[in-house]
1. Arrange Asp227, Asp130 by Cβ neighbour counts within 10 Å, fewest through most, would you?
2. Taking the alpha carbon gyration tensor of the range 247-333, what are the square roots of 5 times its eigenvalues, largest first, to the nearest whole Å?
3. Taking a 29 Å limit on the Cα-Cα distance, which of the listed pairs Lys101/Lys153; Lys101/Lys167; Lys167/Lys228; Lys45/Lys324; Lys167/Lys208 fall beyond it?
4. If you take the beta carbon distance between Ile390 and Phe176 as r and set R0 to 45 Å, what does 1/(1 + (r/R0)^6) give as a FRET efficiency, to the nearest 0.05?
5. Report, ordered by chain and residue number, the lysines lying within cross-link reach of Lys396, taken as a straight Cα distance under 16 Å and ignoring same-chain residues fewer than 8 apart.
6. I want to make sure I understand the PRE zone here: with the label point 7 angstrom from the Cα of Ala253 toward its beta carbon, which residues in the range 1-42 have backbone N atoms less than 11 Å away?
7. Which length gain, in nm to one decimal place, applies between Arg62 and Lys410 when the Cα-Cα distance is subtracted from 0.36 nm times their residue separation?
8. Over all directions, average the projected area of the Cα convex hull of the range 19-146 and note it in nm².
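Every number in this text was worked out from the coordinates using simple rules, so none of it is lab data. Just so we're clear, the structure is a prediction, and the values are computed from it rather than from any experiment. No Cβ is skipped: glycine too gets one built from the backbone with ideal geometry, and neighbour counts run over all protein chains shown.
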Amino acid sequence: MNGYIWNMPMETMSEEQMHELQGERLAACVRRLYGTVPYYTDRMKAAGMTPDDVRSLDDLARLPFTDKDDMRDNYPYGTFAVPLGQIVRIHASSGTTGKQKVVGYTQKDIELWSECCCRALAATGMTASDILHVAYGYGLFTGGLGLHYGAEKMGVTTIPVSSGNTKRQIQILVDFQPTALACTPSYALHLADELATYGVDKSMLKLKVGIFGAEPWSLAMKQQIEDKLNLRAFDIYGLSETLGPGVSISCEAGDLLHIQSDHFIAEVIDPVTGEQLPDGVLGELVFSSVTKEGTPLLRYNTHDLTRLYHGRCACGRTTVRMEKVTGRADDMLIIRGVNVFPTQIESVLLHFGEVEPHYMIYVDRINNLDQMEVQIEMTPMFFSDSVKEIEQTERKLYQEIQSTLGISAKIRLVEPRTLPRSEGKAKRVVDRRTY
Ligand code: DLL
């Protein structure tokens, strides 16, 4: 399949025109937010700014940063810029304190999202003749529904399989003969590895394209997936706060990802000074989602680490490109595509009286699937109890983590005072996955 450009005017605009368009959209967004969303209004006042101070893209760097704490502090609807009556969809993703980051979409936002996903699918070469198997989760997570609406807008035959149940996924891959697969890269590898278990050879599949993202993955992993599933893999990036999947996508010309620059103004900043960094320098990725109506964000720091590149790509697009995101500055873990913070695990664990607040989280990738083990110390009193009771508590903790966080983790209750202590910041996570 050969990639093509879905929205020629927007994706191939000159740098000067894009600069001007982004400036106009930024100024309009600031006017919309000021006086409507209290935390933006307060933040701008504190910076001594009014909407009149933002007239072009050159004024962007004067605006204050925002980040996930603002989403948390204004939970659930305080970041919304329109009345709830105009919101047609809500998505959410995990936040550091266990509170979700809640995002609202107007009908126009859903259309904008579908447009961005169409651009992404076109970059992979997909057309209305394709059949897309969507194995991202459908629900509050943006992966499933986001790509689903984009694919339908393009006219693609869309199969909303959602995540889980590998046996059924493989049966659908064989029987329905999809030409494209969308899921996390780790799940794609797992699917590939499980084919043999069900007596399926890759030659029995029709897959040509993979749309993989939602978690970091290396180019080595990309190669493995391409070989095992006999398809061409593309990297799709996004985050719930700015939209979901479709903020950027790699193209046939290389492994950099094209950002939909007319909707998302990207900056890479120095994490310490907050200064904008030039092309090719690693820093934290910051977005202003200037055309969104429901939850527009200004200078939102994703803490994802990447580099930006301006200039025309061999594919013909002129939109700014970002390097593959291989890590983020903060401590979020992504286990099988689900975001989870150590503090969330901690709060589940500490609801149980029998354990101490001393725990460790070990993450491995076994047979291409993320596995998490949580070790936690028992209280000295509980330690003297029978093995049966200890196993029962392990089971209860397992179920609690599964139902609260949506992930499964092996639980091991260990003897009191056996886990490492720290004099400074506690290091609770040992991530042994190699990407
Ligand atoms: O993961 C949206 C998405 C769904 C993207 C499906 C692609 C495909 P969140 O759950 O809010 O949204 O998680 C966003 O996941 O800040 C990155 O740290 C990470 N992430 C997303 N895509 C990629 C990628 C969705 N392609 C967070 N490569 C982001 C590396 C990614 N990391």
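1. Asp227, Asp130
2. 20, 17, 12
3. Lys101/Lys167; Lys45/Lys324
4. 0.45
5. Straight-distance partners of Lys396: Lys388, Lys410.
6. Counting only backbone N, you get 12.
7. 120.6 nm
8. Here the figure is 9.9 nm², rounded to one decimal.
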